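K.L.:
Below you'll find the structure I mean.
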Amino acid sequence: MYIPKKHEPVRIGFYICHCGVNIASMVDVKEVAKYVGTLPNVVVSRDYKYMCSDPGQEMIQQDIIENRLNRVVVAACSPMLHEQTFRKATEKAGINPFFFQMVNIREHDAWVHTDRLEATRKAMALARAAIQRVPLHKPLEVKKVAVHPNVLIVGGGIAGIHAALVLANAGKRVYLVERDPTIGGHMAKFDKTFPTLDCAMCVLSPKMAAVGSHPNITLWTYSEVAKVDGYVGNYKVVVRRKPRYVLEDLCTGCQECVEACVYKEPKFRDEFNLGLGKRKPIRLPFPQAIPPVTLIDPETCIELKSGKCKKTCLEACGDRKAIDFKQQEELREILVGTIIVATGYQIFDAKRTPYYGYGVYPNVYNALEVERLINASGPTNGELVMRNGQVPKKVAVIHCVGSRDENTNRWCSRVCCLYSLKLAHLIHERTNAEIVNFYIDMRTPGKGMEEFYNRLSEEGMMLVRGKVADVYPDPTDGTTGRLIVQAEDTLMSRILKIPVDMVVLSVGLEPHPDSDKIRRLFNMSCSSEGWFLERHPKLAPVSTFTDGIFLAGCCQGPKDIPDSVAQAGAAAAECFSLIDKGHIEQEPNTAFVVEKECSGCKSCIPLCPYTAISLLEDKKKAYINEALCKGCGTCVASCPSGSIVQNLFEDAEVFSEIEGLLAPVPV
Amino acid sequence: MVAMLEPELCEKGATIETVLDTPEGKRILTCIQCGMCAGTCPYGEYMDYPPRRIINMLRRGFIEEVFKSDSMLRCVACYACMSKCPRGIRLSDVLLPIVKEQTLINQPEIPAELQKTLQNTLRYGNPMGESSRKRVNWATANGTKVPIMAEIKRPVDVLWFVECYTAYYQRGQDNSRAVAKLFNALGIDFAILGNEEKCAGDCGQLTWESGLFETLTDYNMEIFKKYKFNRIVTGDAHAFNAFRIRYPMYGFNYPVEHTTGLFARCLPQLKPKLTKKLNYTVTYHDACCLGRRAGLYDEPRDLLLAIPGIKLVEMTHNRVNSICCGGGGGGMWLDTFFKQKGMERLSERRVKEAIATGADVIAVSCPYEIYRFEDALKVIPHDKPIIVRDVVELLAEALGD
Ligand SMILES: Cc1cc2nc3c(=O)[nH]c(=O)nc-3n(C[C@H](O)[C@H](O)[C@H](O)COP(=O)(O)OP(=O)(O)OC[C@H]3O[C@@H](n4cnc5c(N)ncnc54)[C@H](O)[C@@H]3O)c2cc1C
Ligand code: SF4
Ligand code: SF4
Ligand code: SF4
Ligand code: SF4
């Protein structure tokens, strides 16, 4: 490695890239190269068609050797894309890679301007800024941090389940934390799934069971992540485990306690069935729940409310001794290297579109409720009977409820056209009812989806192109609760008022209301809608802006099961890539405190978005944990005594850069 | 939530040629042809060109055909399409008035009733063609004493803009007297313009007689400048709408309130004074300009519920989904035209819903509605008596004496 000798004269090589015509069509690269060649310390100045190509890189390396260069500046595209390429190239020729500086004249210049002369002048200024800062650069070293091999997965829907199995099957230790009493997520509520119409639980339950029994998976249901500290490779996580009042290791899942509960009949709102059925205070959420362990609801259990129950459940449990009314919330601390967030979505609350009468007219249902109504393990054992005890003869399915709407949610929820078709088919199959689907645009992207649409259309369901405007009781109907669905058939330019027995609202998918809290917990970003933001929409779709934290499934945006599973696999692969490499390299552009100047005022500590700063209690000086520092510079700018310095952004470097930028250019 | 639309201003002077270049016009380009507007429009089934088709004709360059049809005369400016449009296109604020103006220009003849009203408003400053010197009469008759700006010669807190129906028509005057009574009970420092006031012009602009509207705006703005006051309060939902949405583009920047909004704000002081029990079952009809356009859904209901004895029941269509009384956008003067076209009067449709609730009273908050509903009740059979009252009338009644 090149070690600069003191007072050795600075010798800079400058290279400007044409990027085909991307840059050259807007910037006169030859002029820029000529100009930079006249600047102090510049020994060679060249332009080349593709600097990132092998010949381009070799040119730099050859110059370093032949012209004894000790600094390199490349003016080309964004450093996001090729900074590493050129750093490696310079390093290979024997110079510390941080003696290289990149200038972005594509995204910051050629692509955003229309005046060639001005764009050329800007390129000159930007290049000169780099030429002025680079002599001040110091050699820096990339640090290596070990990656802990365990993985945390948050959310046990199909995405979380799949990621957990991929990792566990390859021998990695996985902690799966699920908020509900069972894993399975939304998919566990469905009857069948599009486009294949295979039974949802038939494909899901084996995977759920595998998670439950896998030696490499620690499954914590009814639990939430309470705290996350640390950094990629070394996350310290605290998980809060809520009491179920039934001990997981002792319960055999026999459900004799449920049978024995003093409430002879189920009486309380059954959450799993969205309130369409009833449950007892002690219950298993649904037959194939994983873990197959009952739980007691403290809000409705007599013993937990008043301590005055006969506790027939306890009696029934007998020697197994699984019921424990004294169980307390527990906090567990774990160490993991990587985290996958797979917290899914919630359905849109149709009360927010009051003109569809959800919550007002009993025969208006949301789609998830209908999934339960047609599900054999649902509240009606799979028979589609409505709240009034009748089987509908005519059903309207309304698309885009709470999607594609400035007044509610602006995005297309992507799965509801397809699940609407699915439900139309299933309802027809069960009841022989006539179905009318009201859609705006029929969106069926994805493999096999258009074919599915095609096949179901043949069944003769009525498809009306028009957004339903109003749902109201049929004034000619006295008792049955028949409703009129009013919409314009836009292909016929006619207003339809269709009487139906049942209305199904195809509600959209939206982020959980606590997504902002979760985002902060894991230091992620959210899009303005509240979906977790991927690092790059195309090239890093499951990464977040926090290293070592990945996304899978609908928490990143609406998608179907195949895409959720594919993302889960991708997120697992990202974890592998870190775990198997064993360490990560850290950019040395971190900040450090010059201790003798720090007054210990602590003003920097709360400002750091990565909680990297702490106070050394003994010295009363601020200390920056290099492994946590992301080099954002916030503390540097805020320190009242100017005692924080950031590598690569030292004051002298920044000021010379600014001077270089602002001085007049010759053309 | 169904969004309460921002009281965004309207672009001054946008025409059919320029509208697509304005920020609001650009929204029009985003229309997804979903048909929500046509489906929700109370007269959608009678329009050859509901908003959806208008937009597509405009985007494809066939808008002239729309102007030749009299379809747009059926629009009662009820804001239903605009409130539910999934693209947030400000139909009733921006596009429809322009189309309506062009439609009127392109008709071989304008329905006589409307024609007369527009002429009256221009000539006399009120749609009924009453003498402008009689505007103040209600405020001086039968011992009522209402302060008048020109007479009291001092600044006031509230300038009460009375408006036409509430000044000239018997049932409107009842409403005005009730407002005066409530102002006095609350100790509000107020005065009216008396004979100096002219129609605010809301319906003029929604039928998009822009020339007429500007004449009225200029006139009223000049009068406002003569006096000192802190805010304008009006009991007329349409004047309220005009001051909120349209007048600002002519430089108007006074705070404005509708009486229901003001009284709802004053409920802590008002409630103890509401001592007389009114044993009514009441259903409230949301006025378009207050509900959908200004989000005042709860205020009138809160006022009604503050009256001892009142039980509130809702009609099938309420709040954002309310159905217009049919009086907006010039509909007040198009009943004959609508009848010729075989269209049901919306006031009748609305009254049927009210009757179905079993209520004793239809409570309203816009002066058009009193007439329209009382009229409709004459033709729609109902077993049980049902009356129409403005919310403020009920409040005044509950004040006792
Ligand atoms: C009515 C309806 C029908 C559908 N039908 C189909 C279909 O037929 N075919 C198809 O391909 N797709 C269908 N979909 C889409 C499908 O539901 C999703 O693609 C899939 O469920 C996404 O899985 P997920 O794991 O990302 O999210 P989810 O299923 O939502 O799972 C997320 C899990 O994370 C848990 N969780 C949430 N927050 C936290 C937290 N803070 N801590 C711990 N755990 C948390 C939740 O409890 C849940 O168990 C349908 C959607 C709907 C609404
Ligand atoms: S304690 Fe009583 S109420 Fe509670 S679960 Fe057991 S039997 Fe049921
Ligand atoms: S998938 Fe279909 S129903 Fe769902 S929001 Fe998109 S267009 Fe509407
Ligand atoms: S409701 Fe809006 S988006 Fe839909 S057709 Fe009408 S104007 Fe277009
Ligand atoms: S404003 Fe009302 S009447 Fe006019 S087009 Fe819209 S919905 Fe129809």
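The values are calculated or read from the model by the stated rules, or taken from the named source; none is laboratory data. Here the structure is a predicted model, which is why all the values come from computation and not from measurement. No Cβ is skipped: glycine too gets one built from the backbone with ideal geometry, and neighbour counts run over all protein chains shown. To get the accessible areas, we keep the full protein, side chains included, count just its heavy atoms, and leave off ligands, DNA and RNA. Shrake-Rupley method; radii C 1.70, N 1.55, O 1.52, S 1.80 Å.
K.L.:
Averaged per residue, what accessible area in Å² does region A:448-511 show with a 1.4 Å probe, protein chains only?
P.N.:
Values: 2600 Å² over 64 residues.
In whole numbers, region A:448-511 has 41 Å² accessible per residue.
K.L.:
Please give, to one decimal in nm, the separation of the simple spin-label points placed at A:D324 and A:S306, each 7 Å out from Cα toward the Cβ.
P.N.:
2.7 nm
K.L.:
Then there's this: Please state the charge dipole magnitude for region A:103-247, taken about the Cα centre, from unit charges on C-beta atoms (+1 on K and R, -1 on D and E), reported in debye and rounded to the nearest 20.
P.N.:
540 debye
K.L.:
May I ask you to rank B:Y297, B:Y46 by accessible area, largest first, using a 1.4 Å probe over the protein chains only? Please report the intermediate quantities before stating the final value.
P.N.:
Details: B:Y297 40, B:Y46 70 Å².
Order by accessible area, largest first: B:Y46, B:Y297.
K.L.:
Once phi is turned into ³J(HN,Hα) by the Karplus curve 6.51 cos²θ - 1.76 cosθ + 1.60 with θ = phi - 60°, what whole-Hz value does each residue of region B:355-369 show in order, with x for glycine and proline?
P.N.:
Taking θ as phi minus 60°, the curve returns 4, 4, 6, x, 6, 8, 9, 9, 8, 10, 9, 9, x, 4, 5 Hz for region B:355-369.
K.L.:
With label points built 7 Å along Cα→Cβ from the Cα atoms of A:N388 and B:E222, find their separation and express it in nm.
P.N.:
Here the answer is 6.3 nm between the modelled labels.
K.L.:
Within a Cβ distance under 15 Å of A:Q328, other residues only, what is the Lys/Arg minus Asp/Glu net charge?
P.N.:
My count for the surroundings of A:Q328 gives +2.
K.L.:
Amide H neighbours of A:V464 under 5 Å, at least 5 residues apart or on other chains, H built in the peptide plane: list them.
P.N.:
Residues meeting the criterion, in which the H sits 1.01 Å from N, are A:N437, A:F438, A:Y439.
K.L.:
Computed FRET efficiency, Cβ-Cβ of A:L136 and A:H536, R0 25 Å: what is it to the nearest 0.05?
P.N.:
Approximately 0.20, to the nearest 0.05.
K.L.:
Let me ask another. Using DSSP to define loop residues, name the GluC sites (Glu not before Pro) in region A:73-135 whose beta-carbon has at most 15 other beta-carbon atoms within 10 Å.
P.N.:
Taking region A:73-135 and a limit of 15 other Cβ atoms within 10 Å, the loop GluC sites (Glu not before Pro) found are A:E107.
K.L.:
Next question, about the same structure. Set the Förster distance to 35 Å, then compute FRET efficiency between A:N454 and A:E271 from the Cβ-Cβ distance, nearest 0.05.
P.N.:
0.40
K.L.:
Which whole number gives the average count of other chain Cβ atoms within 10 Å of the Cβ atoms across peptide A:490-499?
P.N.:
Mean partner-chain Cβ count within 10 Å for A:490-499: 4.
K.L.:
Here is a follow-up. Can you give the accessible area per residue of region B:176-240, in Å², using a 1.4 Å probe?
P.N.:
Heavy-atom accessible area per residue stands at 31 Å².
K.L.:
Now, a different point. Students sometimes get this wrong: rank A:D405, A:D249, B:D302, A:D54 by accessible area, probe 1.4 Å, all chains present, largest first.
P.N.:
On the way: A:D405 0, A:D249 140, B:D302 75, A:D54 105 Å².
Order by accessible area, largest first: A:D249, A:D54, B:D302, A:D405.
K.L.:
Convert each backbone phi in region B:111-117 into a coupling constant with the Karplus relation 6.51 cos²θ - 1.76 cosθ + 1.60 (shift: θ = phi - 60°), then list the ³J(HN,Hα) values in order as whole Hz, x for Gly and Pro.
P.N.:
Those phi angles translate into x, 4, 4, 5, 3, 5, 4 Hz.
K.L.:
For chain A, what is the relative contact order in percent, using Cα pairs closer than 8 Å and at least 6 residues apart in sequence?
P.N.:
Averaging sequence separation for qualifying contacts and normalising by length gives 13 percent for chain A.
K.L.:
Sequence-distant or interchain residues sharing an amide H contact under 5 Å with A:V246, placed H: which?
P.N.:
A:I296, A:D324
K.L.:
At 222 nm, what value in deg cm²/dmol follows for chain A if DSSP H runs of at least 4 each add -39500 (n - 2.57) and the sum is divided by all its residues, to the nearest 500?
P.N.:
Taking each H run of at least 4 residues, the total per residue is -8000 deg cm²/dmol.
K.L.:
Could you check the simple spin-label distance between A:F545 and A:K227, using points 7 Å along Cα→Cβ, in nm with one decimal?
P.N.:
Between A:F545 and A:K227, the label points sit 2.5 nm apart.
K.L.:
I'd like to know which of A:G156, A:G600, A:Y355 lies farthest towards the positive end of the charge dipole of chain A, counting +1 on Cβ of Lys and Arg and -1 on Cβ of Asp and Glu.
P.N.:
It is A:G600.
K.L.:
Using each residue's phi in region A:195-200, evaluate 6.51 cos²θ - 1.76 cosθ + 1.60 at θ = phi - 60° and report the 3J(HN,Hα) Karplus result to the nearest Hz, with x for Gly and Pro.
P.N.:
x, 8, 6, 8, 5, 4
K.L.:
Under a straight-distance cross-link criterion of Cα-Cα below 19 Å, which aspartates and glutamates are reachable from A:K264, leaving out those fewer than 8 residues away in the same chain?
P.N.:
Within reach: A:E256, A:D297, A:E299, A:E303, A:E315.
K.L.:
A further question follows. Quick one: putting +1 on the C-beta of Lys and Arg, -1 on the C-beta of Asp and Glu, what dipole do you get for the protein assembly as shown around its Cα centre, in Debye to the nearest 20?
P.N.:
That gives the protein assembly as shown a dipole magnitude of about 1220 debye.
K.L.:
Test of the criteria: in region A:557-655, which GluC sites (Glu not before Pro) are in a DSSP loop and have at most 12 other Cβ atoms within 10 angstrom of their Cβ? Present the calculation step by step, with values, prior to reporting the outcome.
P.N.:
On the way: sites: A:E574, A:E585, A:E595, A:E597, A:E617, A:E626, A:E650, A:E653; in loops: A:E617, A:E626, A:E650.
The qualifying sites are A:E617.
K.L.:
Another question, then. Considering only C-alpha atoms, what is the centroid distance from region A:185-264 to region A:399-426, in Å?
P.N.:
28 Å
K.L.:
Take the cross-link list A:K278/A:K311; A:K144/A:K236; A:K30/A:K88; A:K189/A:K236 and give me the ones stretching past 29 Å between alpha-carbons.
P.N.:
Correct reply: A:K189/A:K236.
K.L.:
Starting from the Cα of A:K447, draw a straight line to each of the lysines and keep only those under 20 Å, dropping any in the same chain fewer than 8 residues away.
P.N.:
A:K192, A:K422, A:K538, A:K559
K.L.:
What does the charge count near B:I370 come to, summing +1 for each Lys or Arg and -1 for each Asp or Glu among other residues with Cβ under 11 Å from its Cβ?
P.N.:
Net of charged neighbours comes to -3.
K.L.:
May I ask for the distance between the Cα centers of region B:160-210 and region B:282-361, given as a whole number of Å?
P.N.:
The distance from the Cα centre of region B:160-210 to that of region B:282-361 comes to 20 Å.
K.L.:
What is the Cα centroid distance between region A:313-380 and region A:544-588, reported in whole angstrom?
P.N.:
Each part's Cα centre sits 26 Å from the other's.
K.L.:
Between exposed trypsin sites (Lys or Arg not before Pro) in chain B, where DSSP calls loop and at most 14 other Cβ atoms lie within 10 Å, what's the longest gap?
P.N.:
Working: sites that count: B:K12, B:K145, B:K153, B:K228, B:K276, B:K277, B:K341.
Maximal segment without exposed cleavage sites: B:13-144.
K.L.:
Taking the Cβ of A:M26 as the center, what net charge do the other residues with Cβ under 15 Å away carry, scoring Lys and Arg +1 and Asp and Glu -1?
P.N.:
On the way: positive: A:K30, A:R106, A:R116, A:R121, A:K122; negative: A:D28, A:E31, A:D47, A:E107, A:D109, A:D115, A:E118.
Taking every other residue near A:M26 into account, the sum is -2.
K.L.:
Let me ask something else about it. Mind checking which lysines have their Cα closer than 28 Å to the Cα of B:K181? Skip sequence neighbours fewer than 8 apart in that chain.
P.N.:
In chain and number order, the partners are B:K134, B:K145, B:K153, B:K198, B:K225, B:K226, B:K228, B:K271, B:K273, B:K276, B:K277, B:K311.
K.L.:
For A:D470, which sequence-distant residues (separation of 5 or more, or a different chain) have an amide H within less than 5 Å of its own amide H, given hydrogens modelled in the peptide plane?
P.N.:
Under 5 Å from the amide H of A:D470 lie the amide H atoms of A:Q486, each far enough along the sequence or on another chain.
K.L.:
When the accessible area of region A:348-508 is split by element with a 1.4 Å probe, what percent falls to carbon and sulfur? Mind showing how you got there, number by number?
P.N.:
Details: 2940 of 6050 Å².
Using a 1.4 Å probe with all protein chains present, region A:348-508 comes out at 49 percent carbon and sulfur.
K.L.:
Scan region B:92-176 for GluC sites (Glu not before Pro) in coil per DSSP, keeping those whose Cβ has at most 13 other Cβ atoms within 10 Å, and list them by number.
P.N.:
Listed in order of number, the matching sites are B:E109.
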